[in-house]
Each structure stands twice: as C-alpha cells, then as structure tokens.
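To start, the structure itself, in structure tokens.
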Amino acid sequence: MTEEQEPASRPEDPESPPELPQPEGVTEPKAEDEKDKKKEKESSWVRENIEAIIVAIVLALIIREFAMEAFVIPTGSMAPTLFGEHTEIVCPNCSREFAIDTPNKGPSFEDAYKCYADCPRCKSRKPVHLYANEYSESSEAVCETCGHRWIVETPASGRTVPAKRISLMCPNCDYEFMRDITPSDIAGGHKILVNKAGLLVRDPQRWDVIVFKYPQDVTKNYIKRLIGLPGERVQVRDGDIYINGKIARKEFDIVRAMRYEVFSSELSQKWDKLVPWTAFDEQWQLSVENLYVKAHAGESAVEFSKRITSALPYSDPDANSSCDDVNDVGYRLNVLCEDEGEFFCAIDNQEYEFRLTIPVGSKGKASLTSDGVKVRTADVRFDPGRTYRVEFLVIDDRVLGFVDGTEVLRYDYEPDKIVSGNVQISLGTIKCAARFNKIHVYRDIYYVPRGEYGAREPLELASDEYFALGDNSASSKDSRDWGTVPAPNMLGRGFIIFWPVTQIEFIK
C-alpha cells in the first residue's frame, strides 16, 4: 500500500490526537459559565459565613439567656470571696497578700514627685513619692520593699504623678506600715461566670453564691450568699445564722471555702517578728515558724495570744473600728511527738472548753472533752517520731477533729447561752517532747446583727422569698437593709472566677 492509498480517515497531523466523541447532552464549557460558577462559589462562601455568624450569635444569646452569663463584681460586699474594684497589697514584713477597697474613695489623690532613693534599712533603690510641702524643703519617703520611712529632700521641680499615702496593718503579722497608691495600682472587680441553667436542675441551696435582680431596682444585678430559704424563719444573731430558732451549721467544705485566715507560721517575718504564742512554763522554745516543747513531767501548753476579730482589711476603717470578737475559729498544724505521752489541742469559746487529746504510743484512744467531760472517743493514736497533720475547729456549735485530712471526731452541741469575748486557742503535750510547725489559724464569717430585717427579731419568709447576705458583713448592703429577694428575681449561681487568670477558681 502506497502513501496515496492510505485511508482518508487518517489525521493530517500525526502529532494531534483524534477527537473523542462527547457524551450526549454535554457541551464544551464557555468562559461565561466559568465566571458564573465562580460567582456562585463566592456567594455560597459569603452566605455560609453569614449563616455561621448568625448561628453563633443566636447560640451566644441562648447561652447568655438560659445557661451562662459573665458578670463583673462592682463592690466589695462579697470580700474576701469576691472583690470589687480594689488594690492588691503585699505586706513588706511577712509577704502576706491581701486586698483593700479602691483608695480613690474618700480623699482625692494628690500631686507627688516620683523619684528614686536608697532605703537606709534594706539598702534597695526604689521609686518613692514625695508630697510637696510649702513649709519644708524635705518630705517623708516610704520604702515599698520594707515599709521603712525616712526624710528625703523634696525636689524643687520635676514630674509629678497623682498618688495617695495610706496607713495599713497586715492581717497576718499585725505589721503597721504606709503605702503610696497611684491610680495604676487599682484593679477592676473579679469577673465571674454565672450558671443560669443550674436553677432549672435544682433549687437554690443555703450558702450558694447567687446573682439576682435587686428588688428595689430590677435594672441592677446583685451578688450575695443565700442564707434563708422560702418558708423559713431567719435571724442574724451574734455572728451566726439561725433558721427556725436553731443555728444553721455549715458542712466542712463550706467552712473551708468561707473561712478567713488570721495567722500562718509559713509566712516568714523579716523586720518586726510577732510570735503570737504565750508559754506557761520554761519548757518551750517559741519562734514565728516553729514551736518546740522539751520532755517534761505533767502537762505543758502554749496559748495563741493574738485577738481574733471580725476585722477585714478590705473594709473601710469605720467598719473595722467597731469589729467584734469571733468565737467560731479553727486551726491546723503539723505535729511530731518525739516519745510516748499525749498531744492535745483546745478551743475555749467562753462557753465551753473543747479539748482533743490523742495518745502517743501503742495504747489508748483519742478523746474529745467538753469542760473536762468526755463526749466522744475515736480509735486514733500517734506513733513517736512521725509527723501528723491535725485540724481542730469549733464553728456553728459543731466541733470537728481531723487527722491527715480524715475526720475522726464530730460533736454537735446546743449552747445554754450566747456569750461573747476573746476566744482562747491552746495546744501542748503531756510528758512528751514535740515540735509544731505549719500552723494556720482561721475564723468563720461573722454576720453583723444589724439592720431592719432579720436582726432584732426573726423574719418570716414567704413561699417565694429568699434572704441573702454579703460575706463582707460589716460593709454589705443586703437583706438586712432592704428585705427579701423574690423568687422571680433569681438569675443564677456564681460558677467560676475567670478573671484575673491568676485567681481562676470555682466559687463556693
């Protein structure tokens, strides 16, 4: 076959592939169709994102309305559980951290020269604030490291900043010092999440932290602790809560959440050392961090000498000046007994002296006595040379004893009368030498019996009413002042502190 005789169907260009038949109903795409498809994809992408945003907004609104909502604490009525606008303070003597109410309330800030100076005591070079005095060429400086005060020459000119000097006392070591505060030191209130859906699952319980619409102005939200439930008869009396004529006792997890520490031996003191213990004989070696008693005949004890009151550093001075003695107290400590004998710890609340005694050795049982009368026993003993963690408290007419975190004794009692006065805390041993450290002393919240409702006489709550009080009782405007909270005003329970991040914790 010659080249001229090849079939006519052969392609003229052997490099070009043959045309393939198109499936029926399909045509070649056109440029206009490509543009339309691109527009459709862009339109679909925009529509999907708008829908996602709308769904997110709707879900957020639903969550805010029915599940969770964020709130900012406006005032200090719930201190020390929750802070409103405040300033964080660190004691220069023991490094105890505590908060005070925002210092821009009261006297206004003054113009002060900010400069650097060397402290004569701690030798640190720090910024100090000097307040201009037209009658003197010098001013008193305060060291922010150790709290020392000394005289510095006031500059004739220079940069001034708003500042205010305030007088403070550490709630742990009673160290009195001055501190210069500027507007930049003021922190906003705690930000919390409130669980709204929880009210649909269970009714509010006593001691819950609740958020509700203020009965006298429903445009305002208040946060307090729930004290009285519908149908109850509630009264604030001598620092405690009475429901239907009987004291309202808190379980230990609530006590632990609400207690306020008044002393810690784990905070080392630098400049002025306060040893808040008094020994009754010469067997003791006392320091801030440790207590040690030598082996001896008979009984030897020390007593906590610091007065325990309802004072709170967050509150204003007027509230603290009229503070009350608190008899609901507790303490925990590490105990190491070196040989056989007995360890004891006691709390005298001016009505009864409760004493927990634990044998050291192979024989005996722990006992709880009330004014010398045995009321409880427990199969607990200490081994010589071993360290134990002991906690003992008398709060809400209930005595609790713990060893290494386990409850070993519980005793509820009905007081014959209401008494007041400085509570006495003591500890010691019979015969054996012992060492005590990591000591923490704390008190319960003291509810001030003042106001028009539920203080002078019991208040009857209707079937749809609640009674709510602030933890900072001396400085809180609450149900004692304006009455009950209607059930429809309830919004939810405080769930968690989420800001600042360094203080994130669940609210109890």
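The values are calculated or read from the model by the stated rules, or taken from the named source; none is laboratory data. Owing to the predicted nature of the structure, the values given are computational and were not obtained by experimental measurement. No Cβ is skipped: glycine too gets one built from the backbone with ideal geometry, and neighbour counts run over all protein chains shown.
Listed here are the strands (runs of 3 or more DSSP E) enclosed by the range 248-330 that have at least 3 residues being crowded, with 16+ Cβ neighbours inside 10 Å: 260-264, 290-293, 299-304.
Look at (1) closer than 30 Å to M178 by Cβ; (2) hydrophobic (A, V, I, L, M, F, W, C); (3) in contact with a Lys or Arg (Cβ under 9 Å, 6 or more places away or on another chain) and you find that A378 fails only one, number (1). Residues in the range 359-404 that are polar (S, T, N, Q), surrounded by 17 or more Cβ atoms within 10 Å (Cβ to Cβ) and part of a loop (DSSP other than H, G, I, E, B): 0 in all.
For the range 231-247, filtered to residues that are of a type in the set (G, A, S) and surrounded by fewer than 14 Cβ atoms within 10 Å (Cβ to Cβ), the residue that is farthest from M490 (Cα to Cα) is G245. The residue that is surrounded by the fewest Cβ atoms within 10 Å (Cβ to Cβ), among those in the range 462-507 that are in contact with a Ser or Thr (Cβ under 6 Å, 6 or more places away or on another chain) and assigned to a loop (DSSP other than H, G, I, E, B), is D471. L199 fulfils the conditions (1) outside the structural domain of P127 (by TED's automatic domain parsing); (2) modelled with pLDDT of 90 or more; (3) hydrophobic (A, V, I, L, M, F, W, C) except for a single criterion, (2). Scanning the range 414-431 for residues that are buried (at least 18 other Cβ atoms within 10 Å of the Cβ) and either at pLDDT below 95 or not assigned by TED's automatic domain parsing to the domain that holds Q285 (or both) yields one hit, V423.
Flag not set for G245, criterion: touching a residue at least 40 places away in the same chain (Cβ under 8 Å) and touching a strand residue (DSSP E or B) at 6+ places or on another chain (Cβ under 6 Å). With respect to the conditions (1) in a loop (DSSP other than H, G, I, E, B); (2) over 30 Å from L200 (Cβ atoms); (3) under 27 Å from the mean Cα position of the chain (by Cα), E457 lacks only one, and its number is (3).
Residue-by-condition table, conditions (1) surrounded by fewer than 18 Cβ atoms within 10 Å (Cβ to Cβ); (2) without any contact (Cβ under 8 Å) to a residue 24 or more places away in the chain:
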site: P127; (1), (2): yes, yes
site: Y131; (1), (2): yes, no
site: S138; (1), (2): yes, yes
site: A163; (1), (2): no, no
site: C170; (1), (2): no, no
site: P183; (1), (2): yes, no
site: G189; (1), (2): no, no
site: K196; (1), (2): no, no
site: L199; (1), (2): yes, no
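Does L409 satisfy the condition of being in contact with a Leu (Cβ under 9 Å, 6 or more places away or on another chain), in contact (Cβ under 8 Å) with a residue 12 or more places away in the chain, closer than 30 Å to V288 by Cβ and surrounded by 19 or more Cβ atoms within 10 Å (Cβ to Cβ)? Yes; evaluated as a whole, the condition is true for this residue. Pairing residues of the range 373-395 that are in the same structural domain as C432 (by TED's automatic domain parsing) and modelled with pLDDT of 95 or more with residues that are in a loop (DSSP other than H, G, I, E, B) and among the hydroxyl-bearing types (S, T, Y), at Cβ distances under 9 Å and at least 6 apart in sequence or on separate chains, gives V375/Y413; R381/S362; D383/S362; V394/Y352. Screening L267 with (1) touching a residue at least 12 places away in the same chain (Cβ under 8 Å); (2) closer than 20 Å to D396 by Cβ gives one miss only, at (2). Here G428 meets the list (1) closer than 29 Å to S265 by Cβ; (2) in contact with a Gly (Cβ under 9 Å, 6 or more places away or on another chain) almost entirely, failing just condition (2). Restricted to strands (runs of 3 or more DSSP E) entirely inside the range 118-199, those with at least 2 residues that are under 30 Å from P500 (Cα atoms) are 125-131, 160-169, 176-181, 191-195.
D281 meets all of the listed conditions (1) touching a residue at least 40 places away in the same chain (Cβ under 8 Å); (2) among the charged types (D, E, K, R); (3) assigned by TED's automatic domain parsing to the domain that holds E414 but one, namely (1). Yes or no: N334 touching a residue at least 60 places away in the same chain (Cβ under 8 Å), surrounded by fewer than 18 Cβ atoms within 10 Å (Cβ to Cβ) and within 30 Å of T81 (Cβ to Cβ)? Answer is yes for this residue. Could you tell me whether any residue of the range 217-230 is buried (at least 18 other Cβ atoms within 10 Å of the Cβ), more than 27 Å from I100 (Cβ to Cβ) and charged (D, E, K, R)? No: the range 217-230 contains no residue that is buried (at least 18 other Cβ atoms within 10 Å of the Cβ), more than 27 Å from I100 (Cβ to Cβ) and charged (D, E, K, R).
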